[in-house]
Structures are given as C-alpha cells and as structure tokens.
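Right, one structure below, let's go through it.
The values are calculated or read from the model by the stated rules, or taken from the named source; none is laboratory data. What you see is a predicted model, and the numbers here were worked out from it, not measured in a lab. In this analysis, Cβ positions are derived from the backbone assuming ideal geometry, glycine residues included, and neighbour counts consider all displayed protein chains.
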Amino acid sequence: MREEGFRQSEIAKQCGVSQPRVSRVLAGDFTVRSELADELCRRFGVEPLDEATEKADRAFTSVELSLRTLWDGTEGGARRINRLISAVKVVKAQTSKAG
C-alpha cells in the first residue's frame, strides 16, 4: 500500500469499512480470513495464505510476544529468550514444510 501511495483511510473508504478495521486486518487481527483480507490481497497483488498458515502465524506471534514478556531485563535473559524464539521459528518452519 505504501509503495503505491495509499493510506489506510483511503482503502477503508473504497472497501466500505472503517480505517481501524483495515488496520486490524493488516495486522492479522482476525479469526478467519475475512472478505476484507481477501479484497486487500487482490488489490495489492498479494497471494493470500491459507487459513491454517494464517492461524499458525498468529499463534507464533502470540507465543513470541509471550516469550518477550518473560524477559527479566538482563542481557543473559535476552539471549535465552532469543534462543527460545529461534527454536520456535525452527519448529514453525518444519511444521510448514510438513503441512
């Protein structure tokens, strides 16, 4: 959208929805793929992900955010959290290949 000079408010108006709704969809904040998500993908030439991949991506993001909240503020703690996140990414990649 940015490359083409569009603002979320413009897209919202064209799609007949609110700007906050566009923002939530672009952030992946929806439980099933919505018509708006499909419309945004079509408009900007993005291949939509299948629902299983979308669900896995949202779950991964949730896990990553949860892990970051566990950080104790130390450099060592940051390294441990980064190792955990890296391990989750490996598992996610392996799961994606198997699926």
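Brief remarks follow.
- Of all residues making up the stretch 43-60, the number that are modelled with pLDDT of 75 or more and surrounded by fewer than 10 Cβ atoms within 10 Å (Cβ to Cβ): 1
- Residue that is at pLDDT 75 or above and in a helix (DSSP H, G or I), where the choices are Val90, Val17, Val63: Val90
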